[in-house]
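A short write-up of the structure that comes next.
The values are calculated or read from the model by the stated rules, or taken from the named source; none is laboratory data. These numbers come from a predicted model, not from an experiment. We place every Cβ from the backbone using ideal geometry, glycine too, and count neighbours over all the protein chains shown. What goes into the accessible areas is simple: the full protein's heavy atoms, side chains included, and nothing from ligands, DNA or RNA. Shrake-Rupley method; radii C 1.70, N 1.55, O 1.52, S 1.80 Å.
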Amino acid sequence: MKKNEILAYTAGIIDGEGYIGLMRDRRRTTTGIYFKPAVKVTSVDKILIDFLKNYFGGYIGSRIYNDNINILYMLSVVYG
């Protein structure tokens, strides 16, 4: 896959199943509260989450939902 195709595919994934925002950091600075940009994607498809992690890094988490039937995978990429 070419780089521009990967970026277009990723944009669609984030638009449908993701979140782009600011996360509050626990540390404080002299100017006040510290925030850092973050991207999160959740999916029941582990292959999709692994694909994104291979290209962008981050951390994968999981949890069981829907009466212990399905596993939801979460990728978090936090900058800063």
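Within the bounds of region 18-31, is there any residue that is open to solvent by 70 Å² or more (accessible area, probe 1.4 Å) and among the aromatic types (Phe, Trp, Tyr)?
yes
Within region 11-35, which residues are assigned to a helix (DSSP H, G or I) and farther than 16 Å from MET74 by Cβ?
Selection gives ALA11, GLY12, ASP15.
Select from region 38-52 the residues that are open to solvent by 60 Å² or more (accessible area, probe 1.4 Å) and outside any helix (DSSP H, G or I) and write down the one among them that is modelled with the highest pLDDT.
Checked region 38-52; the qualifying residue modelled with the highest pLDDT is LYS40.
Taking the conditions exactly as written (at pLDDT below 95 and either of a type in the set (S, T, N, Q) or touching a strand residue (DSSP E or B) at 6+ places or on another chain (Cβ under 7 Å) (or both)), does TYR55 satisfy them or not?
The answer is no for TYR55.
Anything in region 62-73 that is open to solvent by 60 Å² or more (accessible area, probe 1.4 Å), part of a strand (DSSP E or B) and not small (Gly, Ala, Ser)? List them, or say none.
ARG63, ILE64, TYR65, ILE71
Name the pairs: first residue in region 42-64 and within 13 Å of ILE13 (Cα to Cα) and in contact (Cβ under 8 Å) with a residue 40 or more places away in the chain, second residue open to solvent by 60 Å² or more (accessible area, probe 1.4 Å) and in a strand (DSSP E or B), Cβ to Cβ under 9 Å, at least 6 apart or on different chains?
Pairs that qualify, where the first residue is within 13 Å of ILE13 (Cα to Cα) and in contact (Cβ under 8 Å) with a residue 40 or more places away in the chain and the partner is open to solvent by 60 Å² or more (accessible area, probe 1.4 Å) and in a strand (DSSP E or B): there are none.
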